[in-house]
1. Can VAL109 be described as loosely packed, with under 15 Cβ neighbours inside 10 Å, part of a helix (DSSP H, G or I) and at pLDDT 90 or above?
2. Evaluate segment 416-435: report whether one residue or more is within 30 Å of SER186 (Cβ to Cβ) and charged (D, E, K, R).
3. In segment 397-414, what residues are surrounded by 14 or more Cβ atoms within 10 Å (Cβ to Cβ) and not in a strand (DSSP E or B)?
4. Pull up segment 74-99, narrow it to residues that are of a type in the set (A, V, I, L, M) and more than 25 Å from GLY36 (Cβ to Cβ), then point me to the one that is surrounded by the most Cβ atoms within 10 Å (Cβ to Cβ).
5. Given the criterion more than 36 Å from the chain's Cα centre (by Cα), among the small types (Gly, Ala, Ser) and under 12 Å from LEU320 (Cβ atoms), identify the matching residue among GLY367, GLY420, GLY414, GLY407.
6. Of the numbered conditions (1) in a helix (DSSP H, G or I); (2) touching a residue at least 12 places away in the same chain (Cβ under 8 Å); (3) under 29 Å from GLN161 (Cα atoms), ASP256 satisfies every one except a single condition; which is it?
7. Return a yes/no flag: does segment 221-238 have any residue that is buried (at least 18 other Cβ atoms within 10 Å of the Cβ), assigned to a helix (DSSP H, G or I) and of a type outside the set (Val, Ile, Thr).
8. With respect to THR71, determine if the residue is more than 18 Å from the chain's Cα centre (by Cα), surrounded by fewer than 19 Cβ atoms within 10 Å (Cβ to Cβ) and farther than 23 Å from ILE245 by Cα.
Amino acid sequence: MRTEVLTRPESEVTGPGPAPETTRWHPATRILFRFGYVSVGLGMAGTWLLHALLRTLGLSLETVTAIDKWTTLYPLTEWLGTTLFGIRVDYTVTGSGDTAAKWLAAFTVILVAVPVTAVWSVLDRRRTHYVRLVVLFRLLLRFALVSALLLYGMIKILPTQMSFNLERLVEPYGHMSPMAVLWAQSALSEPYEIALGAAEVTAGLLLIVPLTAGLGSVLAVLVALQVVLVNLTFDVPVKLFALQILLYALVLAAPDLVRIVRALLGHDVPARTPQRTTPRGDRILVGAQVLLGLWLLVATTVEAYDGWHTYGSARPKSPLYGIWDVTEYSIAGEQVPALVDFRAPTEGKPPGATERFRRIIFDIPQGMTAQRLDDSIVSFPARIDTDQHTITLSRDTAHQWKLATFGYVHAQPGRLILEGTLGGRPVRMRLDQVDLDRFPAVARGFHWVQATPYYR
């Protein structure tokens with residue numbers, strides 16, 4: 001039994017060379033390949049790779065978004081959305097990969113691929129195989145997969161995708177969405193997040209080099225399966241793209257998975273017959289693939305590094321960083337007790353649950369988060385002036401619509417006094433800083449030896 005199970009055939013590196021005259025595909029196989037090449041190869045993997053390369057060239061987000069809109073065949077997509085589904089297609093970038101526009105774009109690509117495949121099949125009906133075109137198809141899938149794995153892997157190795165937020169320590173578990181639970185538990189352990197990213201980056205790097213691309217594609221299947229699983233079970237809005245990534249990996253790994261299964265069952269696994277062009281052509285094509293892979297690696301590393309320092313775990317902290325209990329709260333000189341009345345506030349009754357703050361959280365420099373008496377969380381764009389000792393809260397990040405202005409004083413270590421106006425009323429708050437070591441989630445640490453399970 002031969003052992004070359006996970007090496008990529010030379011034909012994927014250099015092109016298959018002249019195909020044997022006896023090569024003849026079944027008609028159904030030819031039709032399926034044409035459909036897959038148009039829909040999966042050009043319509044999905046090709047457009048993703050195009051966008052990834054455009055981002056590395058430093059084009060503005062607006063330009064990339066405009067190109068993205070055109071590659072979704074948006075006039076047809078909009079017509080299908082209105083006619084078939086009765087919805088208006090919105091191309092606004094929201095951070096979700098599962099918007100109606102994304103799903104409709106994928107549906108449109110598949111729909112358009114049907115007549116294109118039919119016309120191609122009629123015009124090219126005499127061709128018996130597409131051995132050469134398979135090489136280009138697999139190359140397209142490989143580098144679309146490389147760009148995705150390197151991007152998502154690097155923003156985990158430099159913890160950015162799941163970054164730790166102070167508010168999660170005081171937000172009730174039941175108030176969090178499934179995605180927020182997943183993000184919080186992943187961010188709580190940076191080594192775990194880094195390990196997830198390392199698996200993705202390793203698969204991506206192996207896919208770059210033709211000799212190890214087979215091993216990379218098998219590892220990519222395992223990585224993609226895990227991503228699809230958590231996206232589906234925790235309602236992460238990247239389900240469509242995760243399924244596409246899994247599809248690319250399965251197509252690439254299929255020959256090697258078959259060989260692995262045959263080897264495990266005790267069958268002989270013959271070595272592939274390399275098909276070359278010329279030695280010089282081999283070197284040029286392999287070099288081009290390695291250079292493209294290195295370009296994507298450098299670009300994704302730079303992007304991840306910038307994100308890590310902007311909104312990842314290496315981001316700047318607020319000058320008032322911490323969780324603060326609101327121990328005193330007064331409006332117009334009248335003390336407001338920390339009592340909850342879940343009904344609408346009326347004359348002579350305590351304020352409603354959303355009328356008084358229970359805690360103030362300062363995490364990022366440009367924001368402030370407040371926890372109300374009903375434990376709900378509300379965040380505000382904030383501007384903290386450490387010279388004037390003022391805090392300005394607004395509705396917008398440009399601070400054109402101001403909500404509140406406070407002056408703050410450090411009455412003593414671990415205590416702040418905030419005085420100002422909120423909603424047009426004079427408000428005074430006393431804040432006492434919470435010791436973060438009281439939260440086992442961040443203070444417990446790691447223990448090799450434990451007398452009993454620490455579960456609380």
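The values are calculated or read from the model by the stated rules, or taken from the named source; none is laboratory data. As the structure is a computational prediction, the values presented were derived from the model and not from experiment. Cβ: placed from backbone, ideal geometry, glycine included. Neighbour counts: every protein chain shown.
1. For VAL109, the condition - loosely packed, with under 15 Cβ neighbours inside 10 Å, part of a helix (DSSP H, G or I) and at pLDDT 90 or above - is not met.
2. Yes, segment 416-435 contains at least one residue that is within 30 Å of SER186 (Cβ to Cβ) and charged (D, E, K, R).
3. The one that is surrounded by 14 or more Cβ atoms within 10 Å (Cβ to Cβ) and not in a strand (DSSP E or B): HIS399.
4. VAL89
5. Going through GLY367, GLY420, GLY414, GLY407 in turn, just one is more than 36 Å from the chain's Cα centre (by Cα), among the small types (Gly, Ala, Ser) and under 12 Å from LEU320 (Cβ atoms): GLY414.
6. Tallying (1) in a helix (DSSP H, G or I); (2) touching a residue at least 12 places away in the same chain (Cβ under 8 Å); (3) under 29 Å from GLN161 (Cα atoms), ASP256 fails exactly one: (3).
7. Checking segment 221-238: at least one residue is buried (at least 18 other Cβ atoms within 10 Å of the Cβ), assigned to a helix (DSSP H, G or I) and of a type outside the set (Val, Ile, Thr).
8. Working: more than 18 Å from the chain's Cα centre (by Cα): yes; surrounded by fewer than 19 Cβ atoms within 10 Å (Cβ to Cβ): yes; farther than 23 Å from ILE245 by Cα: no.
So THR71 fails the test.
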